[in-house]
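What follows is one structure encoded as structure tokens, with my remarks underneath.
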Amino acid sequence: MIRPRTARGQQLGEFLATKRRTQSRAALGLPPGNRRSETGLSREEVATLSGISVSWYTWLEQGREINASDQVLNAVARVLQLTEPETEYVHALASPGRAQVPPPPDEAPAHLLNLIRSFEFPAFILTSDWTIVGWNAGYEWLYGPIVAAPAEERNLLRIIYTDPRNRALLPNWERDSRSFLAEFRAESGVRLSSERHRALIESLTELSPEFREQWAEQTVSRFTSRLRTFTHPTDGELVFEHHRLVPSDAADMHVVIYAPVPETSVGSGSVAS
């Protein structure tokens, strides 16, 4: 019987295939491949090392609808030397019970808007597809174009990859964009097959060569608080601590905060101006 393909299964298959082709052979005690390559495993090698049939692993990479057990997925993750966030990503995509997810809300709750507007530093609110549904005066000061942007363009990924004004703010754009994209993939999981997520990915794939290249890298990582550097058009170099909060009563949203770092020079202007 031919097992049907699924959208989330296709995401899983593309991820596994990318990791398989870039896996170090030496790390697994294997000799170079047929072309004397030090990287890349065959499907047969992954299946054998994982203790599963070649057909079963092939179906995984083909995006077929199969009920892979946690034991099987963990074995494949071990062979491909996946990180913990990558392993969680694989489990999320392979779990049939998590296939249906509600669409992201179109508006932020009033109490979250009140919260970020009480901050003197930049803050904004993201939905699960990273649409920006609220911000404060500090964020307007940092990224002024958010005010005039049409609602359909107020998406953090879209801004990062298509707005040159945002790129000018980020002296470490290459590093920052890759970090954001890896976090977006990890957080999206099964949502990547939803209508809004799929439309966003398809649009950015067409609009941005950099997005197309980085999306194909299949990187996955959890968010971590970190220092971020910006080059403000009037206030020069700014350094913030980048934090993110998940409200207990709005778990499908993130409150993103850029907190000033007292020990660093943040230009001559006021964040709240």
Please specify each residue of the stretch 4-31 satisfying the condition of being part of a loop (DSSP other than H, G, I, E, B), surrounded by 12 or more Cβ atoms within 10 Å (Cβ to Cβ) and either more than 27 Å from the chain's Cα centre (by Cα) or among the aromatic types (Phe, Trp, Tyr) (or both).
ARG25, LEU30
Please go through the stretch 206-222 and pick out each residue that is surrounded by 17 or more Cβ atoms within 10 Å (Cβ to Cβ) and more than 21 Å from LYS19 (Cα to Cα).
SER208
Restricting to the stretch 59-71, what's the tally of residues that are over 15 Å from PHE15 (Cα atoms) and surrounded by fewer than 19 Cβ atoms within 10 Å (Cβ to Cβ)?
6
Residues GLU237, GLU210, GLU217: which one is part of a helix (DSSP H, G or I) and in the same structural domain as LEU126 (by TED's automatic domain parsing)?
GLU210
Do we have any residue at all in the stretch 42-58 that's within 25 Å of the chain's Cα centre (by Cα), surrounded by fewer than 16 Cβ atoms within 10 Å (Cβ to Cβ) and not assigned by TED's automatic domain parsing to the domain that holds ILE201?
no
So, in the stretch 103-140, of the ones that are among the charged types (D, E, K, R) and part of a loop (DSSP other than H, G, I, E, B), which residue ends up nearest to ALA182 (Cα to Cα)?
ASP129
In this structure, is ALA182 among the hydrophobic types (A, V, I, L, M, F, W, C) and at pLDDT below 95?
no
In the stretch 191-204, is there at least one residue being in contact with a Phe, Trp or Tyr (Cβ under 6 Å, 6 or more places away or on another chain) and within 20 Å of GLU152 (Cβ to Cβ)?
yes
Considering only the stretch 29-40, I want to know if a residue exists there that is outside the structural domain of ALA182 (by TED's automatic domain parsing) and under 18 Å from VAL90 (Cβ atoms).
no
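Could you tell me which residue of the stretch 141-169 is surrounded by the fewest Cβ atoms within 10 Å (Cβ to Cβ), considering only residues that are assigned to a loop (DSSP other than H, G, I, E, B) and not aliphatic (A, V, I, L, M)?
PRO150
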1 or more residues closer than 17 Å to THR22 by Cα, of a type in the set (Asp, Glu) and out of contact with any Lys or Arg (no Cβ under 6 Å at 6 or more places or on another chain): qualifying helices (runs of 4 or more DSSP H) within the stretch 32-91
43-50, 54-61
Can you spot a residue in the stretch 98-109 that is of a type outside the set (Asp, Glu) and closer than 25 Å to ALA259 by Cα?
yes
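The values are calculated or read from the model by the stated rules, or taken from the named source; none is laboratory data. The shown structure was predicted, so the numbers you read here are calculated from the model rather than taken from an experiment. Cβ: placed from backbone, ideal geometry, glycine included. Neighbour counts: every protein chain shown.
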